[in-house]
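Structure first, commentary second.
The values are calculated or read from the model by the stated rules, or taken from the named source; none is laboratory data. Fair warning: this is a prediction, and the values are worked out from it, not measured in the lab. When we count neighbours, we look across all protein chains shown, and the Cβ atoms used for this are built from the backbone with ideal geometry, even at glycine.
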Amino acid sequence: NMQANGCSQLNGTTGPDEFNSHTIRNSASTSNGEITTNGTMVGQNSKSLSRTDQDIVRLIGQHLRGLGFNQTAEQLIAESGYALEHPTAARFRVHVMDGEWEKTEDDTHDLEALVKGGQQDVIKMKFLLLEQKYLELLEDGLPLKALDCLRHELTPLKYNTERVHVLSTYMMCSSAAELRESAHWDGKGPISRQKLIENLQEFLPPSIMLPPRRLFTLLSQAVEQQKEKCPYHNTQLDSDLSSISLLMDHICTKEQFPNVTTQVLWDHQDEVWHCQFSPDGTRLATGSKDNKLIIWNVDTEYFECRHYKTLDEHKFGVGFIAWCPDNVHILVCGPDETNEVFIYNAVTGEVRQKIHQNTDDSLTYAAWMPDGRKLVVGGVRGQFYYCDIDGNIIDTWEGVRIQGLAALDNKVALAADTHNRIRGYNFDTLQDFPIIQEDHPIMTFVVDDKRELALVNVA
């Protein structure tokens, strides 16, 4: 019996898709009393291991193979008595990596009983294999064989006909380079075949064929959990884990966390209402009740701000600032009674454009779309405009009392409103949808660079 996560239940029974020491040890025998799995001799006197230790052996073996230490991995299999994968799955992997497509067809038939999604997933697996075969035939300059594969192998599957039509267009490619570019494919060889293996693994339980780079995935998850528990986390962790040591738990000390004031900026004459660094971190913009917007150059070596320009076009003060992704333009809004939004060129100090619709408008919040050519503006009186950088209002959304704005992508804006919520507004389809509902008013919010997380300030 298998649980949804692919792990056996605790009653000790083994389902048809499970691969354990008994299936390995009894998989094949030789005349001298030893057994062999995937070409590797495994002694009968191998130590009996717990389920956890078996999994660890398999993970280590997979990682060793990934590093190219094949002989070491084979020695681990021989000494432990536990193979890395189901024999048929191991044979299947070899045939895919060698491009022996006729043999992979037999392997797929042998694996049918182990495929998680039944016959439909078997068809998907066959489709992926034949797609790779078809593309490789085209790259090898064998268009007739490729056409035969398309007509008599791919088409009869009656699966993903739209993709089959796209594949047929690749017959017109005049070179291998054009084929790879059109198909977004890495070309014939180990890279594309390894990606194919990773796609095929999704259809098989992990007890039959290990997921790709499983040990690395587990280590990454462990590091991520340590980072979440790090109270003073202030370290950039690389996705390949090269910036940390796995020999100890990750922790940032209090001394690594900024806790000392190094500079005070005194140039404003009244309350500072908003400040924001440019996306590249080289400039800081500060806005004040004194009607001034000040641009500062940031010395990234000595971490000092130096006055660059003072802009004083605003009559009601600078209440909100939003830097454009191009690090040049900047949106400036005023307090509640302000009915226009300024777009400055922060380098020259010139006003590029003013966005203004009605005298009764209240435009207190703004956000750039990621392309830096479009933006959204709004306020608590119900105005919500979608504009371009030249000040043209492209579309409007009526009755949304805005208390914060951010962009999700070039079509969707996120808006906090007076109903204690954040909703998404798609200006392409003119549809809105819920994102977050809070019990108390949302004062401000920001999203991260990947547009995956939101930091929300709730009253």
Of the residues in the stretch 225-283 that are among the aromatic types (Phe, Trp, Tyr) and outside any strand (DSSP E or B), the one that is surrounded by the fewest Cβ atoms within 10 Å (Cβ to Cβ) is Trp266
Among Leu157, Leu167, the single one that is buried (at least 17 other Cβ atoms within 10 Å of the Cβ) and either within 30 Å of His63 (Cβ to Cβ) or not aromatic (Phe, Trp, Tyr) (or both) is Leu167
Considering the stretch 349-386, residues that are within 14 Å of Leu414 (Cβ to Cβ) and part of a loop (DSSP other than H, G, I, E, B), and then whichever is farthest from the chain's Cα centre (by Cα), we arrive at Met369
Taking the stretch 200-221 and keeping residues surrounded by 14 or more Cβ atoms within 10 Å (Cβ to Cβ) and more than 30 Å from Glu131 (Cα to Cα) leaves Leu219, Ser220
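Conditions tested, residue by residue: (1) without any contact (Cβ under 8 Å) to a residue 24 or more places away in the chain; (2) more than 27 Å from Trp296 (Cβ to Cβ); (3) outside the structural domain of Asp428 (by TED's automatic domain parsing).
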{"residue": "Cys333", "(1), (2), (3)": "no, no, no"}
{"residue": "Thr338", "(1), (2), (3)": "no, no, no"}
{"residue": "Lys354", "(1), (2), (3)": "no, no, no"}
{"residue": "Asn358", "(1), (2), (3)": "no, yes, no"}
{"residue": "Ala366", "(1), (2), (3)": "no, no, no"}
{"residue": "Asp371", "(1), (2), (3)": "no, no, no"}
{"residue": "Leu375", "(1), (2), (3)": "no, no, no"}
{"residue": "Gly382", "(1), (2), (3)": "yes, yes, no"}
{"residue": "Ile393", "(1), (2), (3)": "no, yes, no"}
message: acidic (Asp, Glu), surrounded by 12 or more Cβ atoms within 10 Å (Cβ to Cβ) and closer than 30 Å to Ala113 by Cα: is that true of Glu178 in this structure?
response: no
Selection status of Lys195, in the same structural domain as Glu136 (by TED's automatic domain parsing) and either buried (at least 16 other Cβ atoms within 10 Å of the Cβ) or charged (D, E, K, R) (or both) = yes
* Any hit, the stretch 166-174, residues being at pLDDT 90 or above and either under 20 Å from the mean Cα position of the chain (by Cα) or under 30 Å from Arg51 (Cα atoms) (or both) -> no
